[in-house]
Amino acid sequence: MYNFGQSKGVVDIGIDGNITAFREKSDFDGDLINIGFMVFEPKIFDYVDGDASIFEREPLNNLVADNQLAGYVHKGFWQCMDTKREKDKLEELWASGHAPWKIWED
């Protein structure tokens, strides 16, 4: 079982990739953060009850209850690039020839 956060939420992912629970993340727990994207079928709108609906509550919990939410656990390299310092760090790795995300041959 893996736990990945979505903003302040955490999804529990079974070994089959199905999400078994969605809960709020505590600032003090050690769960990993979500670094990915959510991709939905148009039917997702059947789970949203208008503009006042809080997506991380009823819609996601109902998707879990209906076994309609799955995730993928990436175990490879990841580095955030939200700041200039992080951008510089990634460019330095690339320039050094030691970019862990470069898995192809030139």
Condition met for G50 (on the phi > 0 side of the Ramachandran plot and out of contact with any strand residue (DSSP E or B) (no Cβ under 8 Å at 6 or more places or on another chain)): yes
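Conditions (1) loosely packed, with under 14 Cβ neighbours inside 10 Å; (2) modelled with pLDDT of 85 or more, marked per residue:
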site	(1), (2)
K8	yes, no
I19	no, yes
K25	no, no
G30	yes, no
F40	yes, yes
Subset of region 48-87 (residues that are surrounded by 11 or more Cβ atoms within 10 Å (Cβ to Cβ), at pLDDT 90 or above and outside the structural domain of I15 (by TED's automatic domain parsing)): E86, K87
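The values are calculated or read from the model by the stated rules, or taken from the named source; none is laboratory data. Given the structure is predicted, the values throughout are model-derived calculations rather than measurements. Every residue, glycine as well, gets a Cβ built from its backbone with ideal geometry; the counts of neighbours run over all protein chains shown.
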